[in-house]
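J.: Next up is a structure, given as structure tokens.
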Amino acid sequence: MNDTLKTIDERRSTRVYLDKEISQEDKKTILEAAINAPTAGNMLLYSIIDVVNQDKKDKLSVLCDNQPFIKKGKMVLVFVANAKKWYDVYNKLNNENLKPSLADFYLSMADAHIAAENAVIAAESLGIGSCYIGDIVENYEEMKELLGLPKYINPICMLVFGYKKNENPIPKARRFKVGDVVFENEFKEKSEETFVNKFDYLNNIEEQHKKVSQLVNATIKMKAKSEFFKEMNRSLSLMIDEYK
């Protein structure tokens, strides 16, 4: 396994950090790695907000479902979909009034997520832990005000960084097997089998099915039936409304 694959394999979500500031050199390396990510048409349809103000970190920790570790992050980056930057220049140069479309929103979201993943892997290679925060898409109105986001600029994901307190603070969660995720040429339904295979280390088939039931029920309760999921859906609907 080469160093790049080793870095990907060893990366975990990290929520406990050393009380040590991230060096400017490491910060620059992480940001440059993000900007070097693949991007639709080389347009970089995203912007990155480096949140250094402690009051803003405190507010983000509350708005993102009350996660106190966020305000302790040594670097907090918010990746925002920026679907309008090219239209702004085009309209100025050509005296027109074109507006971004839903397709632009999709591409800008993809660009933002890809850049964020580059930042995560770069940080891991430097011994800096990271954690994705998807809750940044909640509380639409407050987030727009807190981050100064105009129409067509929306928060897509947030990353919290810090030097690791422990080398691997949590065990790596079991993933689905390649054969349960990758299909040749066309999609195939195999959802229940996929979940059973996740627990194939258990010899007892009844125990496997019990684990599947526990996992699926807990996940649906934590996600689909939760209050934060309702809020996430509400805020995302408001984002999409900007493009209608």
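The values are calculated or read from the model by the stated rules, or taken from the named source; none is laboratory data. Owing to the predicted nature of the structure, the values given are computational and were not obtained by experimental measurement. Note that each Cβ is placed from the backbone with ideal geometry, even for glycine, and that neighbours are counted across all protein chains shown. We work out accessible area using only protein heavy atoms, side chains counted, and drop any ligands, DNA or RNA first. Shrake-Rupley method; radii C 1.70, N 1.55, O 1.52, S 1.80 Å.
J.: I'm spelling it out carefully: the read-out is semi-axes √(5λ) of the Cα gyration tensor in Å, the candidates are (1) 33, 24, 20; (2) 24, 23, 20; (3) 32, 24, 16, and one was derived from this structure. Which label?
T.: The listed entry that was calculated here is (1).
J.: So, one more: Given only helices, namely DSSP H runs of n ≥ 4 each adding -39500 (n - 2.57), what is the per-residue ellipticity at 222 nm of the chain, to the nearest 500 deg cm²/dmol?
T.: Result for the chain: -15000 deg cm²/dmol, rounded to the nearest 500.
J.: Continuing with this model, one more query. How large is the charge dipole for the range 1-67, taken about the Cα centre, if only the Cβ atoms of Lys, Arg (+1) and Asp, Glu (-1) carry charge, to the nearest 20 debye?
T.: Details: 10 positive and 12 negative charges, 29 e Å.
Computed about the Cα centre, the dipole is about 140 debye.
J.: Tally up the carbon and sulfur contribution to the accessible surface of the range 33-136 as a whole percent, 1.4 Å probe, everything protein left in place.
T.: Details: 2840 of 4970 Å².
Carbon and sulfur together cover 57 percent of it.
J.: Continuing with this model, one more query. Quick one: putting +1 on the C-beta of Lys and Arg, -1 on the C-beta of Asp and Glu, what dipole do you get for the range 84-136 around its Cα centre, in Debye to the nearest 20?
T.: Result for the range 84-136 is approximately 260 debye, rounded to the nearest 20.
J.: Using the Kyte-Doolittle scale, find the helices of the chain whose mean hydropathy is at least 0.5 and whose Cα atoms extend 24 Å or more along the helix's long axis, counting only whole DSSP H runs.
T.: The qualifying helices are 102-125.
J.: Right, here's the next one. Can you tell me the mean projection area, over all orientations, of the convex hull of the range 9-96's alpha carbons? Units nm², please.
T.: Over all viewing directions, the range 9-96 projects a mean Cα-hull area of 8.6 nm².
J.: Could you state the number of Å between the C-alpha centres of the range 204-227 and the range 141-196?
T.: 19
J.: Rounded to the nearest whole Å², what accessible area per residue is found for the chain with the 1.4 Å probe?
T.: Accessible area per residue, the chain: 60 Å².
J.: Now a separate question. Mind telling me which of 153, 220, 70 comes out most flexible in a GNM of the chain, alpha-carbon contacts under 10 Å?
T.: Of 153, 220, 70, the most mobile in the Gaussian network model is 220.
J.: Collect residues whose amide H, placed 1.01 Å from N in the peptide plane, falls under 5 Å from the amide H of residue 153; neighbours closer than 5 in sequence don't count.
T.: Excluding prolines and chain starts, which carry no amide H, there are no hits.
J.: With contacts defined as alpha carbon pairs under 8 Å and 6 or more residues apart, what's the relative contact order of the chain in percent?
T.: 26
J.: So for the range 92-244, taking the charge dipole from beta-carbon charges (+1 Lys/Arg, -1 Asp/Glu), which of 203, 101, 218 sits furthest toward the positive end?
T.: Sorting the options by dipole projection puts first 203.
J.: So how strong a dipole does the range 86-224 carry about its Cα centre when Lys and Arg Cβ are +1 and Asp and Glu Cβ are -1, to the nearest 20 debye?
T.: Result for the range 86-224 is approximately 380 debye, rounded to the nearest 20.
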